[in-house]
1. Could you check segment 135-151 and list, in sequence order, the residues that are outside any strand (DSSP E or B) and aliphatic (A, V, I, L, M)?
2. Considering segment 190-199 alone, what residues qualify as being open to solvent by 90 Å² or more (accessible area, probe 1.4 Å), in a strand (DSSP E or B) and either closer than 22 Å to Leu211 by Cα or not basic (Lys, Arg) (or both)?
3. Here are some residues: Val175, Val212, Val235. Which one is part of a strand (DSSP E or B), open to solvent by 30 Å² or more (accessible area, probe 1.4 Å) and under 25 Å from Gln101 (Cβ atoms)?
4. Condition first: open to solvent by 70 Å² or more (accessible area, probe 1.4 Å), touching a Ser or Thr at 6+ places or on another chain (Cβ under 6 Å) and among the hydrophobic types (A, V, I, L, M, F, W, C). Now tell me which residues in segment 112-156 satisfy that.
5. Among the residues of segment 146-164, are any among the polar types (S, T, N, Q) and modelled with pLDDT under 90?
6. Right, Gln124: among the polar types (S, T, N, Q), at pLDDT 90 or above and within 19 Å of Asp176 (Cβ to Cβ) or not?
7. Please determine whether any residue of segment 159-172 is more than 21 Å from Gly221 (Cβ to Cβ), in a loop (DSSP other than H, G, I, E, B) and either open to solvent by less than 50 Å² (accessible area, probe 1.4 Å) or in contact with an Asp or Glu (Cβ under 9 Å, 6 or more places away or on another chain) (or both).
Amino acid sequence: MSRCLIIVFTFAALTVACIAEAQQGNRPVAREQWRAIYLRGKNVGYVHDAVETVNRDGKQVVVNSHTSVVSASGNPADGRARVTIQTDETVDGKVLGYRYQAQNPPLVNVLKQGRVTDGQVRIQTGTNGQTVSKVRQIPADVKGPAYADRLMLDQPLKANESRVITTFDPRSAQVDTIRFEARQFENVLLQDGKERRLLHVVVSHSITPSLVIHEFLDEAGESWKTTIPAQDMVVYTTDRDAAIKLFGDVENR
């Protein structure tokens, strides 16, 4: 899933909590990423993303799975919010369908499911036991939410380069225009206390225009650190054990 879009989804998980490689070219057909979330310097959760290409009825489908788990207090015993998203896309980024769920029992349980047919996305939204259906148009040039990530890996940004990508946001079921503005390579401090030379990229989303995201990418387009200064949030790329450390053995079950 897009390393930039996951921050928007993670922010959604934090909001809920506070209320209560399948790549082209030579890239592998499956990949995953684990990230640790820090809010105001405290570890509050993790992000896990997995991407794979599967064969369905003779067609290649890119399946993107995202999970954000957050305990706003930093203590999982106080409760946690979980956001899970799965999107299905064609290899060239067209949206086929999606499933979005936000859970923070007993206050919040939202499930959105959509399928795209003939330029329309048919959406069913269930909120705490009530279901609403609607249909929205989806322009032909709009890409799936994981396409930005695949493009960044296949065509990494260069210093001082700008790029705009229009995608579909499963959380809001709206079209989202993402703008990437690369600055220069900087020495960036990572979670393990080591520095790495990374490209500073400023990212903005049309669906959340006030939320400015700072990504730090290596020369291959991989993200190692993400910050949202307005929320005092930092997200580090790490391994599975470090990402879920806050939750002990719970996530191993």
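The values are calculated or read from the model by the stated rules, or taken from the named source; none is laboratory data. A quick note: this is a predicted structure, and the numbers were derived from the prediction, not measured. Every residue, glycine among them, receives a Cβ derived from its backbone with ideal geometry; neighbour counts consider all protein chains shown. Each accessible area value is taken on the protein alone, full model and side chains, heavy atoms only, with ligands, DNA and RNA left out. Shrake-Rupley method; radii C 1.70, N 1.55, O 1.52, S 1.80 Å.
1. Taking segment 135-151 as the starting set, the residues that turn out to be outside any strand (DSSP E or B) are 138-142, 144-151.
Matches in segment 135-151: Ile138, Ala140, Val142, Ala146, Ala148, Leu151.
2. Glu195
3. Values: Val212 fails: under 25 Å from Gln101 (Cβ atoms); Val235 fails: open to solvent by 30 Å² or more (accessible area, probe 1.4 Å).
Answer to the check: Val175.
4. Val132
5. So in segment 146-164, the residues among the polar types (S, T, N, Q) come out as 155, 160, 162.
Restricting the remaining residues to those that are modelled with pLDDT under 90 gives none.
Scanning segment 146-164, I find no residue that is among the polar types (S, T, N, Q) and modelled with pLDDT under 90, so the answer is no.
6. Details: among the polar types (S, T, N, Q): yes; at pLDDT 90 or above: yes; within 19 Å of Asp176 (Cβ to Cβ): no.
Judged against the criteria, Gln124 is not a match.
7. Yes, because at least one residue in segment 159-172 is more than 21 Å from Gly221 (Cβ to Cβ), in a loop (DSSP other than H, G, I, E, B) and either open to solvent by less than 50 Å² (accessible area, probe 1.4 Å) or in contact with an Asp or Glu (Cβ under 9 Å, 6 or more places away or on another chain) (or both).
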